[in-house]
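The values are calculated or read from the model by the stated rules, or taken from the named source; none is laboratory data. These numbers come from a predicted model, not from an experiment. Here the Cβ positions follow ideal geometry from the backbone for every residue, glycine too, while neighbour counts run over all protein chains shown. Quick note on the areas: whole protein, heavy atoms, side chains included, nothing else; ligands and nucleic acids left out. Shrake-Rupley method; radii C 1.70, N 1.55, O 1.52, S 1.80 Å.
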Amino acid sequence: MVPLSAGDPRGLVLPSALLPMTICGVIMAAVIGLVLEFRPAWRQIMALIVVSATAGLGAYLIAQGFLGALPHEAVATWAALSLIVLAIGATTAGLIALIGVGRLGSAPWR
């Protein structure tokens, strides 16, 4: 447990940032899947890592720079945010590889 930041006494900034990071992870996986067409796999993985690191940095800069609501461990917080986006993006990329890009928005049981 880490005490809440003085800039965010209720602890609402990070949970509020999770929805945009989830949407970003899904969109980035879909775009990378469409552009790279899942061949070769190492290129897709590297693209996911680079875009996730960039998105994590953007989320950190917004949440800390404008709102001042994150802990002062900059690298650890940036890495955690990047890993969240990477986990969502990699899961979505695997799902797209399994069911195809066309079925991404539809229910998988139809």
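Tell me what the chain gives for mean residue ellipticity at 222 nm when only DSSP H runs of n ≥ 4 count, each as -39,500 (n - 2.57), the sum divided by the residue total, rounded to 500 deg cm²/dmol.
Working: 3 runs with 70 residues, N = 110.
Mean residue ellipticity at 222 nm (helix-derived): -22500 deg cm²/dmol.
For the residue pair V101 and T54, what label-to-label distance in nm results when each label sits 7 Å from Cα along the Cα-to-beta-carbon direction?
Taking the simple label geometry, V101 and T54 are separated by 1.8 nm.
For I23 and L36, compute 0.36 nm times the residue count separating them, minus their Cα-Cα distance, and round to one decimal in nm. Don't skip to the answer; put the middle values down first.
Details: separation 13, 0.36 × 13 = 4.68 nm, distance 1.98 nm.
Extra length from I23 to L36 when fully extended: 2.7 nm.
Which whole-number value in Å² is the accessible area per residue of the chain, probe 1.4 Å? Walk me through the numbers before you get to the answer.
Working: 7180 Å² over 110 residues.
Heavy-atom accessible area per residue stands at 65 Å².
Any idea what % of Cα-Cα pairs in segment 5-54 are farther than 19 Å?
Values: 506 of 1225 pairs.
Of the Cα pairs, 41 percent sit more than 19 Å apart.
Which value, to two decimals, describes the C-alpha radius of gyration of the chain once divided by 2.2 N^0.38 Å?
Working: Rg = 15.8 Å, N = 110, 2.2 N^0.38 = 13.1 Å.
Compared with the compact-globule rule of thumb, the chain sits at 1.20.
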